[in-house]
Amino acid sequence: MHTHTLVIYELCLLHFSDLLSREDLVKLSQISGCAARVILPSCRTTPNLNKYRTATSVCNNINNPRLGASNTPFARWLPSEYDDGISQPKGFNRNRKINNFLLPLVRQVSNNILSTTDAGVVNDTEYTHMVTLFGQWNDHDLTFTPFSPSIRSFSKGINCDESCENTEPCIPIPIPPGDPRLPSGPNSCIPAFRSAPACGTGYSAYNFGGEPNKREQINALTAFLDLGQVYGSEEKLALCLRDLESDAGLLRVNTEFKDNNRELLPFNPLQVNMCATRRRVTNDTNAREVPCFIAGDGRVDENIALTSIHTLFMREHNRLARELKRLNPQWDSETLYQEARKIMGAYTQVFVFRDYLPHIVGPDAMRTQLGRYPGYNPNVDPSIANVFATAAYRFAHLAIQPFLARLDANYREDPRFPSVPLFKAFFTPWRIIFEGGIDPLLRGLIGRPAKLNTQDHMMVDALRERLFQFVMHLALDLGSLNMERGRDHGLAGYNAWRGFCGLSQPRNQQELAQVLNNNDLARRLLQLYGTADNIDIWMGGVAEPFVNGGRVGPLFACLIATQFQRIRQGDRLWHENPGVFTSAQRAALSAASLSKIICDNTGITAVPSDAYSVLSNRNRLVSCTNLRGLNLTVRKSVEKRLVLSTKKW
């Protein structure tokens, strides 16, 4: 072999990073923007470090300042499984067998397993539709996975929205033969995009030793229960959402419209046209369009029930800030804002652990994993796990009714603004402005039941066949998207996660039928996947029968409880951590309830005492005047001894 040929051959075995010094690699990371996510910030200069959260939750953990902060990678509880071991989604190579079987098309799984009709919906006999929407609301506090910033192929310039070619970042969902809605073939697909890789991960990312870093995805939100969906998880957004012209610590509100003289969310200044749906939905070409609302989370307009909860909590912040100013006229705007925000964060922690999670994971998981607060542990990583965000916490997609109820003051169908089919409620903020405000929607959430996820009737057509029908050129399928996202993120299969949770790992139809308590469902799943090892984690999780007293099966109960256990224990500013609130303030929080927040911020005058449970003899409608409110006054003798105390709360 000639010398120059040998040199070229050896160069081909090297990666470019092997030819650069460590200083050069550091400089590249600075130029690319990755350095800002890698270099640890100093917490010593952070104001009020022990008093208030930062918007991004940087410095929640003093020793590891980015732990749980926004725009950091999701945690991995099991190693990723990519087609090429580094980055390619599972199933990217349609001819590659996994565990001796080809992965089925996700749309085929959706058609064969998830399909139901609105007529087949079973109502939950225990829990209201608020449980479902509160789950979405809470999810938007914890997880958001940004897409690739480009919708065009990096190598070919192909528009992912218009092509069915499998080329980064496009991961189109192929249509199987005989699909009930869409024609099959090479030019027929549901468009989908890859999640953006975290800085320094994926194909072109190598560590300093020259080894490829496996692709990781980004959580754009903080891992903490801090109501980031109200306040924002970025400093600039948090500032944008505040009314800086006021000295009362308020959030900005809409300057053009009111809801029966009550505040509405401000409009998005970017004039996002995603919400210009009124003329298409109503077929009224003269109807006035309005922009999208803006809030701490960009999904605020996704459906009008979610928007109504956003509006409710914005109003509650402003109500608290005004009350705190009345009690403490000497406080400046910043103190009023931060104190109201701090109380609101404690609200969500109480509501999630006391009122919501017991309905979901059941009493056994609550007792073994989510019982008494064990105290803060700086060694616990609260980061949201990829499997939680991408699979486990999407269980409630099967508990959504095909319509959003709108009820009058007597909790009957509102004759002026009747209930809305769900597919006509996506990205329609105009319905809140022009069709009765948030009161009828909130009554519908607390006065009507959730859909019950049953193995025979899983996902309604509004989500499987008509998702975002009026804002996309082709309606999406949420079930297919969930499974495709799991493959894009390299999530391990069903049995691997069962093993992670210490559960059995079924090896044949008989064993899977025992786990699912359903032989026919086990047979149909294995016809598609060949082995339970390959079942998409989301699909396997939602197929399991509920744990006692819960609304998920054993696998998702384990994963959800594990995540919340870590969120709570790894949060230095958790409301029960000594020094965060006074004992009197913690005691006052026990009186807080979602029902009371609804009473204080709407025209609704009667509510169920428990907003999450259906109306019954044990949960009757009660007058708002009979509900206990939050006592904002604390004793001076207590507050003077505490770092975080103030004259009054």
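The values are calculated or read from the model by the stated rules, or taken from the named source; none is laboratory data. Computed from a predicted model, the values in this text were never measured in an experiment. Virtual Cβ from ideal backbone geometry, glycine too; neighbours counted across all protein chains shown.
Checking each residue in the range 199-217 for being at pLDDT below 85 and either more than 16 Å from D83 (Cβ to Cβ) or among the aliphatic types (A, V, I, L, M) (or both) picks out G200, S204, A205, Y206, N207, F208, G209, G210, E211. Taking the criterion of being among the hydrophobic types (A, V, I, L, M, F, W, C) and surrounded by fewer than 23 Cβ atoms within 10 Å (Cβ to Cβ), the residues of the range 366-394 that qualify are M366, L370, V380. Return a yes/no flag: does the range 35-54 have any residue that is in a loop (DSSP other than H, G, I, E, B), touching a residue at least 60 places away in the same chain (Cβ under 8 Å) and among the small types (G, A, S). No. The set of residues in the range 431-468 that are aromatic (F, W, Y) and farther than 28 Å from G540 by Cα contains only F434. Is the range 92-100 home to any residue that is under 22 Å from the mean Cα position of the chain (by Cα) and surrounded by 17 or more Cβ atoms within 10 Å (Cβ to Cβ)? Checked against the condition, which is being under 22 Å from the mean Cα position of the chain (by Cα) and surrounded by 17 or more Cβ atoms within 10 Å (Cβ to Cβ), the range 92-100 yields no hits at all. Could you list, in sequence order, all residues of the range 414-463 that are closer than 19 Å to S110 by Cβ and among the polar types (S, T, N, Q)? If the condition is that a residue be closer than 19 Å to S110 by Cβ and among the polar types (S, T, N, Q), then N453, T454, Q455 are the ones that fit. If the condition is being touching a helix residue (DSSP H, G or I) at 6+ places or on another chain (Cβ under 7 Å) and more than 18 Å from G437 (Cβ to Cβ), then the range 288-304 contributes E289, G296, D297, R299. The residues of the range 527-570 that are part of a loop (DSSP other than H, G, I, E, B), in contact (Cβ under 8 Å) with a residue 40 or more places away in the chain and not assigned by TED's automatic domain parsing to the domain that holds S613, listed by number, are G530, T531, I535, D536, P545, F546, V547, N548, G549, G550, R551, V552.
Of the numbered criteria (1) part of a helix (DSSP H, G or I); (2) under 20 Å from the mean Cα position of the chain (by Cα), the one V281 fails is (2). Checked against the criterion of being of a type outside the set (V, I, T), over 30 Å from W497 (Cα atoms) and surrounded by 20 or more Cβ atoms within 10 Å (Cβ to Cβ), the range 326-334 has at least one qualifying residue. State which residue is nearest to V614 (Cα to Cα) when the search covers only the range 399-442 and only residues that are surrounded by fewer than 22 Cβ atoms within 10 Å (Cβ to Cβ) and hydroxyl-bearing (S, T, Y). Checking each candidate, the answer is Y411. Entry remark, the range 504-519: residues being in contact with a helix residue (DSSP H, G or I) (Cβ under 6 Å, 6 or more places away or on another chain) and either β-branched (V, I, T) or surrounded by 14 or more Cβ atoms within 10 Å (Cβ to Cβ) (or both) number 6 in total.
Scanning the range 503-526 for residues that are under 18 Å from N100 (Cβ atoms), without any contact (Cβ under 8 Å) to a residue 24 or more places away in the chain and of a type outside the set (A, V, I, L, M) returns N508, Q509, E511. Considering the range 449-491, and only residues there that are among the basic types (K, R) and crowded, with 22+ Cβ neighbours inside 10 Å, the residue that is farthest from G91 (Cα to Cα) turns out to be K451. Restricting attention to the range 448-480, the residues being outside any helix (DSSP H, G or I) and closer than 21 Å to F193 by Cα number 13. D536 meets all of the listed conditions (1) at pLDDT 95 or above; (2) out of contact with any Asp or Glu (no Cβ under 7 Å at 6 or more places or on another chain); (3) more than 27 Å from N219 (Cα to Cα) but one, namely (3). For the range 165-175, the criterion of being farther than 30 Å from L474 by Cβ, of a type in the set (A, V, I, L, M), in contact with a Ser or Thr (Cβ under 9 Å, 6 or more places away or on another chain) and in a loop (DSSP other than H, G, I, E, B) is satisfied by no residue at all. Checking each residue in the range 268-302 for being β-branched (V, I, T) and in contact with a Leu (Cβ under 8 Å, 6 or more places away or on another chain) picks out I294, V300.
Applying the set (1) in contact with a strand residue (DSSP E or B) (Cβ under 9 Å, 6 or more places away or on another chain); (2) more than 21 Å from I400 (Cα to Cα); (3) at pLDDT 90 or above to A492 leaves exactly one unmet item: (1). Looking across G296, G228, G249, one residue alone is buried (at least 17 other Cβ atoms within 10 Å of the Cβ), on the phi > 0 side of the Ramachandran plot and in contact (Cβ under 8 Å) with a residue 40 or more places away in the chain. It is G249.
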